[in-house]
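Participant: First, the structure itself, so that you have it in front of you.
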Amino acid sequence: MKNSVKNLDAIIIEEFATHLRGNIVRPSDVDYNETRKVYNGMIDKRPGLFAMCEDVADVMASVNFGRYNNLLLAVRGGGHNGGGLGICDDGLVIDLSGIKFVRVDTSNNTVRVGGGNLWGEVDHATHPFGLAIPAGIISTTGVGGLTLGGGVGHLSRKYGLTIDNLLEADMVLADGSFVTVNANQNTDLFWAIRGGGGNFGIVTSFKFQAHSIKNVIGGPTLWPIERTEEIMEWYHKFIQNAPDELNGFIATMVIPGPPFPEYLHNKQFCGIVWCYVGGQDKFNELFKTVKELNPIFEHVGEMPYPSIQTLFDGLLPHGLQWYWRADFFNELGSEVRAQHLKFGSNIPTPLSQMHLYPITGAASRVGAEDTPWAYRDAKYAGVIVGVSPNPKDANKITKWCKEYWDALHPFSSGGAYSNFMMDEGQERVKASYKHNYNRLTEIKKKYDPANLFNVNQNIKPSN
């Protein structure tokens, strides 16, 4: 049974505060309610204490304090996690938002990034050098959470997942010690953090391999929702055979309003968001097939890479209500396409949507045991999100997500991309790591035998 921060003597907390460069935030502080907010407005947890870390020493002191006092411990980077797993009730939150830096080394195109950085901050620093790191589709996402879970995004087909571009990490372990992990040091731990989540320690810095990308050609194409089955059948064949340079995730969605034209507002669509890394001539040749399908709307053109990463930021600000369900899929057969048409035609709120991200190209060519990310053979990482600014819609968006997922799950591969999961229990975690789960439990036992880091998609230490 974990101890509550409420049970600690005030003197103990004051003593802890003297060991930090950063601040502590308590429930009695004026900034407490603002501090406890995370990206998902549906999460309403009340931690007993925040340690606002500014350096590695702060993290080490916080881990030791939490372990010594038997506190429930959560680690928050960008706070984007759908299930709110960067925060907890009554325990200690180790907040990394003060540990921010981006250092670009142009001699080998590597980038060192702080554990508290957001991806938009990384893109801002790398873009002037004509470099980019594969990472998600929303710039406000935290580097730590996205990376440790895998990192699916616009560049996955060309350059793999974010973890496939991770070269090294600095970590604070459950015993408070500091280690560096890479292909030559602490290799078992380096393997585990490339998809195993925050189970094995707190990453205070990441070193990535960046790639020469200045501009991309991208943007959305839309078709009326009634054409969902036709477009999905075409898309499945097209994207599996497309060159690695072309990525496109397919969606059922509503256009909520500007910046889209008024004739699209509040209508359901089947959409594809494209991202191409290459020249205009080759893209034009590839895109002929798309144009032949007569999209009702097309806004695809050349843009700086950071622009495609921020395309949805304005529509999805901090604090909306979110509910997530996810699965991996290999096929988009007739029964699956029929369910996408059914639920895509009944989207409950303008921001709710379904995405299928292709896991082909470079992402599929990494061995299924080379990282914990077990579904390299999956064709798609699917996610259904219910989203609304209004808390009164929480039940409505949750119901739609669950029913949509229930209809599709029998056709899935069994597990899900951990960054797309809510707090769904141990069996779902096991299913998502598949054949790699037992190895992860052994590494967990070695580095965190007491399961100090358990507010996550938890991997329990082996017996």
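The values are calculated or read from the model by the stated rules, or taken from the named source; none is laboratory data. Not measured: the values here are computed from a predicted model. Counting neighbours? That spans all protein chains shown, and the Cβs are built from the backbone with ideal geometry, glycine included. Accessible surface is based on the protein model in full, side chains and every heavy atom, while ligands, DNA and RNA are left aside. Shrake-Rupley method; radii C 1.70, N 1.55, O 1.52, S 1.80 Å.
Okay, residues lined up against (1) polar (S, T, N, Q); (2) open to solvent by less than 30 Å² (accessible area, probe 1.4 Å); (3) farther than 20 Å from K402 by Cβ:
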residue: H299; (1), (2), (3): no, no, yes
residue: Y305; (1), (2), (3): no, yes, yes
residue: F312; (1), (2), (3): no, no, yes
residue: F329; (1), (2), (3): no, yes, no
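Participant: Hey, among A407, A450, which residue is part of a loop (DSSP other than H, G, I, E, B) and either open to solvent by less than 30 Å² (accessible area, probe 1.4 Å) or in contact (Cβ under 8 Å) with a residue 24 or more places away in the chain (or both)?
Facilitator: Checking each option against the conditions leaves just A450.
Participant: I would also like to ask the following. Could you tell me whether the range 86-95 includes any residue that is of a type in the set (V, I, T), in contact (Cβ under 8 Å) with a residue 12 or more places away in the chain and more than 26 Å from D44 (Cβ to Cβ)?
Facilitator: No, every residue in the range 86-95 fails to be of a type in the set (V, I, T), in contact (Cβ under 8 Å) with a residue 12 or more places away in the chain and more than 26 Å from D44 (Cβ to Cβ).
Participant: Okay, moving on. Looking at I137, I99, which is the one that is of a type outside the set (D, E), assigned to a loop (DSSP other than H, G, I, E, B) and within 15 Å of the chain's Cα centre (by Cα)?
Facilitator: I137
Participant: Sort out which residues of the range 140-158 are more than 15 Å from the chain's Cα centre (by Cα) and buried (at least 24 other Cβ atoms within 10 Å of the Cβ), and write them in order of number.
Facilitator: Across the range 140-158, the qualifying residue is only R157.
Participant: Restricting to the range 346-399, what's the tally of residues that are within 26 Å of D44 (Cα to Cα) and either of a type in the set (A, V, I, L, M, F, W, C) or in contact with a helix residue (DSSP H, G or I) (Cβ under 6 Å, 6 or more places away or on another chain) (or both)?
Facilitator: 14
Participant: So, E54, is that one charged (D, E, K, R) and outside any loop (DSSP other than H, G, I, E, B) or not?
Facilitator: no
Participant: Of the residues in the range 222-235, how many are in contact with a His (Cβ under 8 Å, 6 or more places away or on another chain) and open to solvent by less than 10 Å² (accessible area, probe 1.4 Å)?
Facilitator: 2
Participant: Residue check: is N184 free of Cβ contacts under 8 Å to residues at least 60 places away in the same chain and in contact with a Pro (Cβ under 8 Å, 6 or more places away or on another chain)?
Facilitator: So N184 does not fit the description; no.
Participant: While we're on this one: Quick check: anything in the range 266-278 closer than 19 Å to P348 by Cα and assigned to a loop (DSSP other than H, G, I, E, B)? Break it down into steps so the answer makes sense when it comes.
Facilitator: Let us first name the residues in the range 266-278 that are closer than 19 Å to P348 by Cα, namely 266-271.
Still in the list and also assigned to a loop (DSSP other than H, G, I, E, B): 266-267.
Yes: the range 266-278 contains one or more residues that are closer than 19 Å to P348 by Cα and assigned to a loop (DSSP other than H, G, I, E, B).
Participant: Outside any helix (DSSP H, G or I) and either surrounded by fewer than 21 Cβ atoms within 10 Å (Cβ to Cβ) or not charged (D, E, K, R) (or both) - does that describe any residue in the range 426-446?
Facilitator: No: the range 426-446 contains no residue that is outside any helix (DSSP H, G or I) and either surrounded by fewer than 21 Cβ atoms within 10 Å (Cβ to Cβ) or not charged (D, E, K, R) (or both).
Participant: Is there a residue being open to solvent by 10 Å² or more (accessible area, probe 1.4 Å) and touching a Ser or Thr at 6+ places or on another chain (Cβ under 8 Å) anywhere in the range 205-218? Spell out how you get there, then give the answer.
Facilitator: To start, the set of residues in the range 205-218 that are open to solvent by 10 Å² or more (accessible area, probe 1.4 Å) comprises 207, 209, 211-212, 214-215.
Subsequent filtering for residues that are touching a Ser or Thr at 6+ places or on another chain (Cβ under 8 Å) retains 207, 209.
Scanning the range 205-218, I find at least one residue that is open to solvent by 10 Å² or more (accessible area, probe 1.4 Å) and touching a Ser or Thr at 6+ places or on another chain (Cβ under 8 Å), so the answer is yes.
Participant: Still on this structure, please answer the following. Would you point out which residue out of L92, L161 is touching a helix residue (DSSP H, G or I) at 6+ places or on another chain (Cβ under 7 Å) and farther than 26 Å from L246 by Cβ?
Facilitator: Step by step, each of L92, L161 is checked, and only L92 is touching a helix residue (DSSP H, G or I) at 6+ places or on another chain (Cβ under 7 Å) and farther than 26 Å from L246 by Cβ.
Participant: Quick check, is L293 open to solvent by less than 30 Å² (accessible area, probe 1.4 Å), touching a His at 6+ places or on another chain (Cβ under 6 Å) and farther than 30 Å from N33 by Cβ?
Facilitator: Values: open to solvent by less than 30 Å² (accessible area, probe 1.4 Å): yes; touching a His at 6+ places or on another chain (Cβ under 6 Å): no; farther than 30 Å from N33 by Cβ: yes.
The answer is no for L293.
Participant: Another one. Among the residues of the range 164-198 satisfying the criterion of being in contact with a helix residue (DSSP H, G or I) (Cβ under 7 Å, 6 or more places away or on another chain) and polar (S, T, N, Q), which is nearest to V59 (Cα to Cα)?
Facilitator: N182
Participant: Separate question: Pick from V122, V63: which is of a type outside the set (F, W, Y), over 23 Å from L173 (Cα atoms) and assigned to a helix (DSSP H, G or I)?
Facilitator: Testing whether each residue is of a type outside the set (F, W, Y), over 23 Å from L173 (Cα atoms) and assigned to a helix (DSSP H, G or I) leaves just V122.
Participant: A further question follows. Would you confirm whether or not the range 264-284 contains a residue that is farther than 26 Å from G142 by Cα and of a type in the set (A, V, I, L, M)?
Facilitator: Scanning the range 264-284, I find at least one residue that is farther than 26 Å from G142 by Cα and of a type in the set (A, V, I, L, M), so the answer is yes.
Quick grid of which residues meet (1) over 21 Å from the mean Cα position of the chain (by Cα); (2) among the acidic types (D, E); (3) surrounded by fewer than 19 Cβ atoms within 10 Å (Cβ to Cβ):
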{"site": "T349", "(1), (2), (3)": "yes, no, no"}
{"site": "Q353", "(1), (2), (3)": "no, no, no"}
{"site": "P358", "(1), (2), (3)": "no, no, no"}
{"site": "A368", "(1), (2), (3)": "no, no, yes"}
{"site": "D393", "(1), (2), (3)": "yes, yes, no"}
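Participant: Can you tell me which residue in the range 115-131 is nearest to C275 (Cα to Cα), limited to those that are open to solvent by less than 10 Å² (accessible area, probe 1.4 Å), under 17 Å from the mean Cα position of the chain (by Cα) and of a type outside the set (D, E)?
Facilitator: Among those residues, the one meeting the criterion is W119.
Participant: So, in the range 269-293, how many residues would count as being out of contact with any Leu (no Cβ under 9 Å at 6 or more places or on another chain) and in contact (Cβ under 8 Å) with a residue 40 or more places away in the chain?
Facilitator: 4
Participant: Condition test on D370, is it over 16 Å from I239 (Cβ atoms) and not in a strand (DSSP E or B)? Write out each step before concluding.
Facilitator: Numbers: over 16 Å from I239 (Cβ atoms): yes; not in a strand (DSSP E or B): yes.
Spelling it out, D370 is indeed over 16 Å from I239 (Cβ atoms) and not in a strand (DSSP E or B).
Participant: While we're on this one: Taking G414, is it outside any helix (DSSP H, G or I), closer than 18 Å to F329 by Cβ and modelled with pLDDT of 95 or more?
Facilitator: In short, no.
Participant: Also, I was wondering about something else. Can you name every residue in the range 72-84 that is open to solvent by 10 Å² or more (accessible area, probe 1.4 Å) and at pLDDT 95 or above?
Facilitator: L72, V75, R76, G77
Participant: D58 passes all but one of (1) within 20 Å of T140 (Cβ to Cβ); (2) surrounded by 22 or more Cβ atoms within 10 Å (Cβ to Cβ); (3) out of contact with any strand residue (DSSP E or B) (no Cβ under 6 Å at 6 or more places or on another chain); which number fails?
Facilitator: Only one criterion in (1) within 20 Å of T140 (Cβ to Cβ); (2) surrounded by 22 or more Cβ atoms within 10 Å (Cβ to Cβ); (3) out of contact with any strand residue (DSSP E or B) (no Cβ under 6 Å at 6 or more places or on another chain) is unmet by D58, namely (1).
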